[in-house]
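The values are calculated or read from the model by the stated rules, or taken from the named source; none is laboratory data. Here the structure is a predicted model, which is why all the values come from computation and not from measurement. Neighbour counts run over all protein chains shown; Cβ positions are idealised from the backbone, glycine included. Please note that ligands, DNA and RNA were not included when accessible areas were found on the heavy atoms of the full protein model with its side chains. Shrake-Rupley method; radii C 1.70, N 1.55, O 1.52, S 1.80 Å.
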Amino acid sequence: KKHNQLPKKPVTATIKKPKFQPYSDLKNHWIEKIANQLKKEKKLDNNNKFNPNKIITRAELAKLIVQINNLKDKNPYTDITFDDVSKNNKNYNYIKTTLNNNLLNGMTKTSFDPNREVTKLQAIIVASRLLPNQPTEFTKKMPYNDINKYKWAKKDIQKAYDFNIISNSEKLQPNKKITKAELISLLYKTSTI
């Protein structure tokens with residue numbers, strides 16, 4: 001018998017972990033660094049493509065809020081009762097978590113409208129709810145000339161602006177449908193505050 005033989009290596013040691021694959025459609029895109037960082041942290045789906053210009057729906061908004069901000073459901077044992085969101089909906093738990101954290105509401109008492117596209121203003125309001133409260137005297141003058149008729153949302157816009165999670169441009173474009181890249185940027189900023 002030979003005693004100097006090395007023990008065989010277990011097979012598992014030879015399995016290579018898949019190397020991190022950056023999103024293939026973000027070369028030189030302004031969201032590239034943030035999106036790939038979030039993908040690395042498993043806060044975004046491990047897809048090949050990111051689709052930066054995809055318009056986001058309310059169900060997708062719920063999912064991204066929860067994933068990027070590591071949200072936990074405050075009432076895990078309560079079900080949601082919207083006619084248009086069944087438990088089979090792949091985003092059911094994300095929607096439930098955002099509702100139970102008072103970040104999103106239904107569109108009516110009976111409907112959540114999961115496939116409705118989200119506007120920039122709606123996304124900003126939700127993002128501002130993720131930010132800590134602060135004393136009102138710290139508010140900076142906002143540059144936007146297209147938000148006068150949104151007085152009801154002024155507090156949320158102001159908060160988002162004070163925390164630098166929205167850009168410093170003349171127009172906010174509140175009714176523009178928000179793209180995935182814009183939303184990820186917004187949510188990423190809230191998650192780092």
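Based on what the data block shows, is I125 within 14 Å of the chain's Cα centre (by Cα), under 30 Å from Y77 (Cβ atoms) and either without any contact (Cβ under 8 Å) to a residue 60 or more places away in the chain or open to solvent by 90 Å² or more (accessible area, probe 1.4 Å) (or both)?
yes
Could you look through segment 129-163, keep only residues that are open to solvent by 100 Å² or more (accessible area, probe 1.4 Å) and either polar (S, T, N, Q) or touching a His at 6+ places or on another chain (Cβ under 7 Å) (or both), and pick out the one that is farthest from H29 (Cα to Cα)?
Filtering first and then ranking leaves T136.
Residues being on the phi < 0 side of the Ramachandran plot and open to solvent by 20 Å² or more (accessible area, probe 1.4 Å): count how many of those fall in segment 82-118. Steps first, please.
Applying the first criterion (on the phi < 0 side of the Ramachandran plot) to segment 82-118 yields 82-101, 103-112, 114-118.
Checking which are open to solvent by 20 Å² or more (accessible area, probe 1.4 Å) leaves us with 82-84, 86-90, 93-94, 99-101, 105-111, 115-117.
Going through segment 82-118 one residue at a time, the tally reaches 23.
Which number in (1) touching a helix residue (DSSP H, G or I) at 6+ places or on another chain (Cβ under 8 Å); (2) modelled with pLDDT of 95 or more; (3) within 25 Å of L131 (Cβ to Cβ) marks the one condition that K39 misses?
(1)
Which of the numbered conditions does S185 fail, given that it passes all the others? Conditions: (1) assigned to a helix (DSSP H, G or I); (2) open to solvent by 70 Å² or more (accessible area, probe 1.4 Å).
For S185, the exception is condition (2).
Taking the criterion of being out of contact with any Lys or Arg (no Cβ under 9 Å at 6 or more places or on another chain), part of a helix (DSSP H, G or I) and closer than 28 Å to L44 by Cβ, would at least one residue in segment 100-120 satisfy it?
Step one: list which residues in segment 100-120 are out of contact with any Lys or Arg (no Cβ under 9 Å at 6 or more places or on another chain), which gives 105-106, 108-111.
With the extra rule that they be part of a helix (DSSP H, G or I), the set shrinks to none.
No, segment 100-120 has no match at all.
Considering segment 75-98 alone, what residues qualify as being within 28 Å of N53 (Cβ to Cβ) and not in a loop (DSSP other than H, G, I, E, B)?
We begin by selecting, within segment 75-98, every residue within 28 Å of N53 (Cβ to Cβ); these are 84-85, 89-95, 97-98.
Across segment 75-98, the qualifying residues are Y92, N93, Y94, I95, T97, T98.
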